[in-house]
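A.B. asks: Pasting in a structure now, in structure tokens, and then I'll have a few things to ask.
The values are calculated or read from the model by the stated rules, or taken from the named source; none is laboratory data. Nothing here was measured: the structure is a model prediction, and the numbers come from that model. Neighbour counts are summed over all protein chains in view; Cβ atoms, including those assigned to glycine, are modelled from backbone coordinates with ideal geometry. Just the protein is used for accessible areas: all its heavy atoms, side chains included, with ligands, DNA and RNA removed. Shrake-Rupley method; radii C 1.70, N 1.55, O 1.52, S 1.80 Å.
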There are 2 protein chains.
Amino acid sequence: MTGFDAQLRRAAQAIAAQFEQIWQSQPRSDLIDAMAHATAGGKGLRGFLVHESARLHGVADLALAPACAIEALHAYSLVHDDLPAMDDDDLRRGQPTVHRKWDEATAILAGDALQSLAFELICDPKNGLTPTAAGRLALGLARAAGMAGMVRGQAEDIAAETAPVPLSLAQITALQRGKTGALIEWSATAGAVIAGDDPAPLAGYARALGLAFQIADDILDVTSTPETLGKATGKDAGAGKATFVSHLGLEGARARAQDLIETACESLAPYGRQADILCDAARFVVARQH
Amino acid sequence: MTGFDAQLRRAAQAIAAQFEQIWQSQPRSDLIDAMAHATAGGKGLRGFLVHESARLHGVADLALAPACAIEALHAYSLVHDDLPAMDDDDLRRGQPTVHRKWDEATAILAGDALQSLAFELICDPKNGLTPTAAGRLALGLARAAGMAGMVRGQAEDIAAETAPVPLSLAQITALQRGKTGALIEWSATAGAVIAGDDPAPLAGYARALGLAFQIADDILDVTSTPETLGKATGKDAGAGKATFVSHLGLEGARARAQDLIETACESLAPYGRQADILCDAARFVVARQH
């Protein structure tokens, strides 16, 4: 197990334990069970990025709440994205999606409450962030998640499915920056933001990583199986949608992802060997099988 | 026009102008149009409560962003509540609901982005709140909106529709405190929270007001028409659902609402005549025709 694997697992365990405490603090209900289901079983890459960037900036002890916050936010986006009116998926992380296991109303509400929970975790003073750090993280998260970030990217992604002309590579890249890039950048810069340090090197890393992540997703959509991936495959090709693979070909997409890993790792130069684990994370993102 | 009418209109106009600026700052899209549609045409009662409580605590100049935030949050809840999987409503504020005017995906995403926008407005330092005040407001909003507040109330409300035994009066009252009460309390206490003052008198006012508001809603569901109300009527009775009216009868519900207005106004005693407008607001909530 490399340092990255160990750290990823450690972050995921800490986040899962924290979520468990949160669900236990609430009266049992379908809503809470659905929120627990939605936050379980993921890789926890975004939470790991929060932990790792916090470690690099000497604020590791403040990472847990924002790490849970980004995982809650990400889980909300998946629950809503899987709804029949959106991507209409039955399978997520190898499990039935929330609206399949419960119903659509529960999925809508669980997603909504997960978004609220993300902001609650950041802003609760008992989680140790100063008001200034919490305010900056919450503002950044709201922007990354909302009408100029993730939700805009999702809306553009839906529009792309029925676009008369397939999207150009530049358009796909811009769409990705909103849809997945903004939350990844928030995660990877969180440590610098908490510490009040310059987030620029981590932002450069995150932009390359986010794009590599999306390219890897497009590759897996073509090359993997639902059993391995834990969700449906072949959806984009089936929909005749422009992707990094449709534009660059499989080999071209792989080469582009490799280039981006280099860029990501070079962005981390100011941190020296301290950032090896984040560099490994970038390699993992492209090499992953699910 | 009473002082209350004038202040309600003034707050609504300031909020509408601020929203207009926000939509103009974004590239035009269905998403942004849907968000604009969802925030238009409401009474703006929650935003007014923020303004008025801020005025009472000498921080009127800081009210606009939190007032817009609560109206954005409220609008999100209506958009999602109207979805086919939830209340399945075609009409809201006399206009087609977002999923009827656009589609379900746009309604889900517009609601999601409106929730993010609420936190963005509170946490953006250019809106003038101190980090401490912003953090407290954002934390309070997240709690009022989420799994222990509004969303829980909505989930309980849906469960009540298929409950084998109709809810008791105590259960309806508890459900209401989450579903509509929590956001009303947030709004009415916002000024005290911003100023760092004791929110207890305003919280007492808000709890009585929120309950009176829900009772009035139940009364209007029975006595009004879709033309006057701007949304469907007779839904609860049609669904055989327990309401304040089904428990207390129409006259009993009216009497209970009147009692609550008295309680609400008495809670404002520490403010003296300064609070007359909030007291008028409570009377309006029960006397309103839509």
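A.B. asks: Stick to the Cα atoms of region A:1-53, pair each with every other, and give me the Kirkwood hydrodynamic radius in Å at one decimal.
C.D. replies: This gives a value of 11.9 Å.
A.B. asks: What does the net charge come to around A:Cys279 if you take all other residues with beta carbon closer than 11 Å to its beta carbon, with K and R at +1 and D and E at -1?
C.D. replies: Combined, the nearby Lys, Arg, Asp and Glu give -3.
A.B. asks: Also: Relative to the Cα centre, what is the charge dipole magnitude of chain A, using +1 at the beta carbon of each Lys and Arg, -1 at the beta carbon of each Asp and Glu, and rounding to the nearest 20 debye?
C.D. replies: 440
A.B. asks: Check A:Ala242: other-chain or 5+ apart residues with amide H under 5 Å from its amide H, H built from backbone geometry?
C.D. replies: Residues meeting the criterion, in which the H sits 1.01 Å from N, are A:Leu167.
A.B. asks: Follow-up. Place +1 on the Cβ of every Lys and Arg and -1 on the Cβ of every Asp and Glu in the protein assembly as shown, take the dipole about the Cα centre, and give the residue among B:Phe284, B:Ile219, B:Val193 whose Cα lies farthest towards its positive end.
C.D. replies: Going by the Cα projections, it comes out as B:Val193.
A.B. asks: Enter the mean projected area of the convex hull around the alpha-carbon atoms of the protein assembly as shown, in nm², rounded to one decimal.
C.D. replies: So the Cα hull casts an average projection of 25.2 nm².
A.B. asks: All other residues with a Cβ under 12 Å from the Cβ of B:Lys43 taken together, and with Lys, Arg as +1 and Asp, Glu as -1, what is their net charge?
C.D. replies: Around B:Lys43, the charge tally is +2.
A.B. asks: Sticking with this one: Please sort by residue number the trypsin sites (Lys or Arg not before Pro) in region A:1-30 whose DSSP state is loop and whose Cβ has at most 13 other Cβ atoms within 10 Å.
C.D. replies: A:Arg28
A.B. asks: Under a point-charge model restricted to the Cβ atoms of Lys and Arg (+1) and Asp and Glu (-1), what is the dipole moment magnitude of region B:38-127 relative to its Cα centre, in debye to the nearest 20?
C.D. replies: Result for region B:38-127 is approximately 400 debye, rounded to the nearest 20.
A.B. asks: Using +1 on the beta carbon of Lys and Arg, -1 on that of Asp and Glu, and nothing else charged, what's the dipole of region A:195-290 about the Cα centre, debye to 20?
C.D. replies: Once rounded to the nearest 20, the dipole reads 240 debye.
A.B. asks: Once the label point is placed 7 Å from Cα along Cβ, list for B:Leu250 the distances to the corresponding points in the other copies, in nm, shortest first.
C.D. replies: Between copies, matching label points for B:Leu250 lie 7.1 nm apart.
A.B. asks: Related question: Express the accessible area of region B:119-185 per residue in Å², computed with a 1.4 Å probe while the remaining protein chains stay in the model.
C.D. replies: Spelled out: the 1.4 Å probe surface of region B:119-185, per residue, equals 40 Å².
A.B. asks: Check region B:3-287 and count each lysine pair with an alpha-carbon distance under 21 angstrom, considering only pairs eight or more places apart or from different chains.
C.D. replies: Final tally of qualifying lysine pairs is 8.
A.B. asks: What is the sum of charges around A:Arg28, taking Lys and Arg as +1, Asp and Glu as -1, for the other residues whose C-beta is under 14 Å from the C-beta of A:Arg28?
C.D. replies: That works out to -3.
A.B. asks: With an 8 Å cut-off on Cα pairs and a minimum separation of 6 or more residues, tell me the relative contact order of chain A in percent.
C.D. replies: Rounded, it is 19 percent for chain A.
A.B. asks: Evaluate 2.2 N^0.38 Å with N set to the residue count of region A:3-287, then give the Cα radius of gyration divided by it.
C.D. replies: It is 0.96.
A.B. asks: Let me have the 222 nm mean residue ellipticity of the protein assembly as shown computed from DSSP H runs of 4+ only, each contributing -39500 (n - 2.57), with the sum over all residues rounded to the nearest 500.
C.D. replies: -22500 deg cm²/dmol
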